[in-house]
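The values are calculated or read from the model by the stated rules, or taken from the named source; none is laboratory data. Quantities reported herein were computed from a predicted structural model and do not represent experimental measurements. Reconstructed Cβ throughout: ideal geometry from the backbone, glycine too, with neighbour counts over all protein chains shown.
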Amino acid sequence: MPPPNTPASASGSDDAPAGSVNITSLPVPQLRSLQSRLTTELEHLTTSHAKLRAAQSKFRDCVRSINDGVIGSEKKETQGRDDILVPLTSSLYVKGKLTDREKVLVDVGTGFYVEKTTAKAIDFYNGKVKDLEANLQDLEKIVQGKSTHLRVVEDVLRQKVLSGEAAATAAG
Amino acid sequence: MADAQKHLQGLTEEYQKLQTELEGLIDARQKLESQQQENKGVQDEFASLDGDANIYKLVGPVLLKQDKSEAMMAVNGRLDFIEKEIKRIEDQIQESQEKSDKKRTEIVQFQTQVQQQQAAATASA
């Protein structure tokens, strides 16, 4: 595991808490490794964010399927019509009939399925969507914090490289 | 000089091997964490169910009906197992971390030693 993240003071102020390191005092190679570490972390967090979003929309689809397909909606003219097409593969369908519009089987994870009434199932999925929303918001905060962090490090690094070059040309 | 270089290379290779090992362990730890989360979710779900709720377990391509108490026992057992696994992996992570820290100090020590020798050699020349 990488050494614990040194809490770099972002503003370079003098009243930084004890134990923190002013990043302007770090040499260029260390700044570079800090930059690459922050970039990987940020990438990881962004993919997690995208995955959570995808999961959330999947749950929303479930709710919609129950509302339109199982309960049936008048607007979409699915109410009272039991004919459905059942997907056997992603491109092969067979005709079927809905025999139970009251109960559905819900995958609750780890291979367990629970029979629920449509209302309970919708509650279940909405709960999942809400949980994911909370997670997404937390994650967004972290992503924002990390990206400001990264920006500060990049700024300092750029200044260092530029001033280093200037010093080199002046000396040479 | 060539000997020192070779020695240093050997040390670095060992250090890298330890790092890969550590990464593998951390991956395993993360996998366990997500499994634990999923099982906890199922446990909570079962706890909120009525006693007569129909629970099915996916076995291969078929769903088998299961007793609520049986299903809860299975999930609790899994959680126990995962907890133990997490403990075991964490111990391994710590051990591996200590090893790689030690290796790193060894490398740094060796490097400074070589540098000192070089400085001494140039000074006396």
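Can you name the strands (runs of 3 or more DSSP E) wholly within segment A:14-116 that have at least 1 residues being in contact (Cβ under 8 Å) with a residue 60 or more places away in the chain and within 14 Å of chain B (Cβ to nearest Cβ)? Quick ask: steps written out before the conclusion?
Details: elements: A:83-87, A:93-97, A:103-109.
Passing ranges: none, list empty.
A quick yes/no check of all residues on (1) surrounded by 15 or more Cβ atoms within 10 Å (Cβ to Cβ); (2) modelled with pLDDT under 95; (3) aromatic (Phe, Trp, Tyr):
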{"site": "B:GLY51", "(1), (2), (3)": "no, yes, no"}
{"site": "B:GLY60", "(1), (2), (3)": "no, yes, no"}
{"site": "B:LYS68", "(1), (2), (3)": "yes, yes, no"}
{"site": "B:ALA71", "(1), (2), (3)": "yes, yes, no"}
{"site": "B:GLY77", "(1), (2), (3)": "no, no, no"}
{"site": "B:GLU83", "(1), (2), (3)": "no, no, no"}
{"site": "B:LYS87", "(1), (2), (3)": "no, no, no"}
>> If A:VAL106 meets every condition in (1) out of contact with any strand residue (DSSP E or B) (no Cβ under 9 Å at 6 or more places or on another chain); (2) closer than 30 Å to B:ASP44 by Cα apart from one, which number is that one?
In response: (1)
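Is it the case that B:ALA28 is loosely packed, with under 12 Cβ neighbours inside 10 Å, more than 12 Å from chain A (Cβ to nearest Cβ), farther than 22 Å from A:LYS120 by Cα and of a type in the set (Gly, Ala, Ser)? Give the steps one after another, and end with the answer.
Working: loosely packed, with under 12 Cβ neighbours inside 10 Å: no; more than 12 Å from chain A (Cβ to nearest Cβ): yes; farther than 22 Å from A:LYS120 by Cα: yes; of a type in the set (Gly, Ala, Ser): yes.
Considered against the rule, which asks whether it is loosely packed, with under 12 Cβ neighbours inside 10 Å, more than 12 Å from chain A (Cβ to nearest Cβ), farther than 22 Å from A:LYS120 by Cα and of a type in the set (Gly, Ala, Ser), B:ALA28 comes out as no.
Quick check on segment B:6-26. Is at least one of its residues over 14 Å from the mean Cα position of the chain (by Cα) and either within 15 Å of B:ILE82 (Cα to Cα) or of a type in the set (A, V, I, L, M, F, W, C) (or both)? Let's see the steps before the verdict.
As a first pass, look at segment B:6-26 and keep what is over 14 Å from the mean Cα position of the chain (by Cα): B:6-17.
Pick out the ones that are also either within 15 Å of B:ILE82 (Cα to Cα) or of a type in the set (A, V, I, L, M, F, W, C) (or both) and you get B:8, B:11.
Yes, there is a match, as at least one residue in segment B:6-26 is over 14 Å from the mean Cα position of the chain (by Cα) and either within 15 Å of B:ILE82 (Cα to Cα) or of a type in the set (A, V, I, L, M, F, W, C) (or both).
When only residues in segment B:38-85 that are outside any helix (DSSP H, G or I) and within 21 Å of A:ALA55 (Cβ to Cβ) count, which is farthest from the other protein chains (Cβ to nearest Cβ)?
We begin by selecting, within segment B:38-85, every residue outside any helix (DSSP H, G or I); these are B:48-67.
Checking the rest, the ones that are also within 21 Å of A:ALA55 (Cβ to Cβ) come to B:48, B:58.
Numbers: B:SER48: 9, B:LEU58: 4 Å.
Across segment B:38-85, the extreme among qualifying residues is B:SER48.
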> Looking only at segment B:57-76, which residues are more than 12 Å from A:THR110 (Cβ to Cβ) and of a type in the set (Gly, Ala, Ser)?
Replying inline: B:GLY60, B:SER69
> Can you name the residue in segment A:92-107 that is exposed (fewer than 10 other Cβ atoms within 10 Å of the Cβ) and aliphatic (A, V, I, L, M) and, of all such residues, is nearest to A:ALA121 (Cα to Cα)?
Replying inline: A:VAL94
> Quick one: would you say B:LYS40 is over 30 Å from B:GLN5 (Cα atoms), in contact with a Leu (Cβ under 8 Å, 6 or more places away or on another chain) and without any contact (Cβ under 8 Å) to a residue 40 or more places away in the chain?
Replying inline: yes
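Rundown of residues vs (1) within 30 Å of B:GLY24 (Cα to Cα); (2) modelled with pLDDT of 90 or more, yes/no style:
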| position | (1), (2) |
| --- | --- |
| A:MET1 | yes, no |
| A:PRO7 | yes, no |
| A:LEU31 | yes, yes |
| A:LEU45 | yes, yes |
| A:HIS49 | yes, yes |
| A:ILE66 | no, yes |
| A:VAL70 | no, no |
| A:LYS75 | no, no |
